[in-house]
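**Q** Here you go, one structure.
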Amino acid sequence: MATVTAPSDQARAAFADAFGYVSGGVAWAPGRVNLIGEHTDYNDGFVLPMAIERGVSTAFAQRDDGRLQAHALAFGETRDAAIAELTPEVNDPRNPGGHWFAYVAGMVWAMRRAGLPVGGLDVAIAGDVPIGAGLASSAAVEIAVARAACAAASIAWNASAMARLGQQAENEFVGVSCGIMDQLASAACEDGHALLVDCRSLATRLVPIPEEASLVVMDTGVRRSLAGSEYNERRAACERAVAAVRTIAPDVHALRDVDAALLERARGAMDEVAYRRAHHVVHEIRRPLDMADALDAGDLAAAGRLMNASHASLRDFYDVSSPELDAIVALARGHAACFGARLTGAGFGGCAVALVASSGVEEFRRYVGGSTFSSRPAAGAHLVE
Ligand code: GLA
């Protein structure tokens with residue numbers, strides 16, 4: 001049988017190949033699967049992601065000449081820049097999907113702008129989280145780079161502060177208006193738990209995943225870049241809905257402050273697309289709280305029903321599902337061990353997630369076929385050595 005090399009060993013070897021000396025350390029940051037609460041983070045709502053056992057490793061060493069050198073094993077490419085001269089790549093027509101180096105450079109740029117002493121860094125990146133599959137591969141890169149940069153410059157690790165800077169990198173440097181969920185999950189999750197996040201206050205609650213329950217990720221194989229305009233358009237529609245609601249309820253700041261009744265009262269003041277997007281968000285926003293309670297109570301059937309309702313809303317009101325996602329979700333629900341299934345992440349392709357009885361996981365995966373994996377909830381970013 002072929003030996004599988006761990007990403008941390010791959011990163012170490014890639015570092016030595018690319019830079020000709022031995023790295024000083026290795027950091028790791030996970031991808032995530034979101035159990036529920038989709039497209040709610042940038043509406044000040046709640047989300048319930050968990051870190052997965054797949055992620056990104058960064059082998060690193062400090063430099064003292066103000067340069068950033070990065071090698072990405074997946075692309076076989078090395079990039080080099082002066083940190084003080086980094087400028088945002090937003091709307092760069094040469095890189096419409098966001099070049100991999102933008103996530104590395106953007107993170108270092110955001111840390112530096114926040115006043116952190118990132119003097120210079122060599123970093124080699126290797127990972128086993130599929131790229132562009134809705135499992136937060138870009139956040140894993142950002143947070144693994146942040147963990148490396150902090151270790152190299154002896155900066156104390158602050159998970160939520162680094163998540164914020166990762167989000168800034170993506171918003172302002174790469175040009176994707178993403179919320180905080182992916183970066184926070186990658187930075188702050190804990191082993192064995194999902195992370196309930198209030199995206200308004202960043203307050204978190206650890207939600208244990210019962211041993212009898214497993215999460216199975218099912219990859220449709222369809223890839224669409226988040227940096228594409230669709231994601232930003234969804235966010236803009238939510239902002240139009242908020243502006244319309246404010247004409248009758250000026251205290252409203254975000255869809256978090258809007259309930260179903262208020263949305264109906266304001267419907268006439270907004271375009272139909274904005275209404276449908278807001279309809280999804282207003283109903284989705286409570287589901288992470290309800291699912292956390294269901295998991296705490298061990299009520300997996302109730303948790304599964306919430307996932308099914310979330311998928312229907314994403315498909316019918318937010319328009320981010322696809323025929324492939326709908327098909328894989330329907331297939332999953334046809335198996336007796338499955339409590340519920342939904343698309344996960346931004347949508348437009350990528351992955352779905354199913355809540356499955358642990359005793360039936362292997363049979364379930366054989367039944368679904370294709371590309372699937374199950375993961376226990378993993379820990380957030382940490383140093384490997
Ligand atoms: C992407 C973004 C997140 C979140 C999800 C949808 O993963 O990075 O901030 O908005 O989409 O829930």
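The values are calculated or read from the model by the stated rules, or taken from the named source; none is laboratory data. In this text the structure is predicted, and so the values were computed from the model without any measurement. Neighbour counts are summed over all protein chains in view; Cβ atoms, including those assigned to glycine, are modelled from backbone coordinates with ideal geometry. What goes into the accessible areas is simple: the full protein's heavy atoms, side chains included, and nothing from ligands, DNA or RNA. Shrake-Rupley method; radii C 1.70, N 1.55, O 1.52, S 1.80 Å.
**Q** Stretched out fully, how many nm does the piece from H253 to S371 gain, at 0.36 nm a residue minus the Cα gap?
**A** 38.4 nm
**Q** Under a crude label model (7 Å from the Cα following the beta-carbon direction), how far is A82 from A243 in nanometres?
**A** 4.1
**Q** Just subtract the alpha-carbon distance of S160 and E233 from 0.36 nm times their residue separation and send over the number in nm, one decimal.
**A** Extra length from S160 to E233 when fully extended: 23.6 nm.
**Q** With a 1.4 Å probe and every protein chain kept in, tell me what percent of the accessible surface of the stretch 240-285 is carbon plus sulfur.
**A** Reported share for carbon and sulfur atoms: 52 percent.
**Q** Calculate the FRET efficiency for A330 and R265 from the Cβ-Cβ distance with a Förster distance of 30 Å, rounded to the nearest 0.05.
**A** 0.30
**Q** What's the magnitude of the charge dipole for the chain around its Cα centre, counting Lys and Arg as +1 and Asp and Glu as -1 at the beta-carbon? Answer in Debye, nearest 20.
**A** 340
**Q** Show me, for the stretch 77-87, the HN-Hα J-couplings you get by feeding each phi into the Karplus relation (A = 6.51, B = -1.76, C = 1.60, θ = phi - 60°), rounded to Hz, glycine and proline as x.
**A** Each residue of the stretch 77-87 in turn: 9, 10, 10, 9, 8, 7, 4, 5, 9, 5, 10 Hz.
**Q** Report the extension gain between R200 and R113 in nm, rounded to one decimal, defined as 0.36 nm multiplied by the number of residues separating them, less their alpha carbon distance.
**A** Length difference between fully extended and current span is 29.0 nm.
**Q** Quick check: pseudo-label points 7 Å beyond the Cα along Cα→Cβ at H283 and D299, how many nm apart are they?
**A** It is 1.9 nm.
**Q** Just to confirm the filter: which trypsin sites (Lys or Arg not before Pro) across the stretch 234-268 are DSSP coil and have at most 12 other Cβ within 10 angstrom of their Cβ?
**A** none
**Q** Keeping all protein chains in position, work out how much accessible area C238 exposes to a 1.4 Å probe, and write it in Å² to the nearest 10.
**A** Accessible surface of C238 is approximately 0 Å².
**Q** Over what distance in Å are the Cα centres of the stretch 52-70 and the stretch 204-244 separated?
**A** Going from one Cα centre to the other spans 27 Å.
**Q** With a/c under 1.5 counting as rounded, go ahead and sort the chain into rounded, prolate or oblate using the C-alpha gyration tensor (a ≥ b ≥ c being the square roots of the eigenvalues; past the cut-off, prolate if a/b is larger than b/c, else oblate).
**A** Here the chain falls in the oblate category.
**Q** Also: What's the center-to-center distance, using Cα atoms, between the stretch 252-312 and the stretch 124-190 in Å?
**A** Value for the Cα centre distance between the two parts: 27 Å.
**Q** Further, regarding this structure: Which percent of the accessible area of the stretch 136-232 is formed by carbon and sulfur heavy atoms (probe 1.4 angstrom)?
**A** 46
**Q** Something else: Specify the longest stretch of the chain that does not include any exposed loop site, a site being one of the chymotrypsin sites (Phe, Trp or Tyr not before Pro) with a non-H, G, I, E, B DSSP assignment and at most 16 other Cβ atoms within 10 Å.
**A** 158-385
**Q** Still on this structure, I have one more. Suppose R0 equals 30 Å; then what is the FRET efficiency for D9 and D191 from their Cβ-Cβ distance, rounded to the nearest 0.05?
**A** Calculated transfer efficiency: 0.90.
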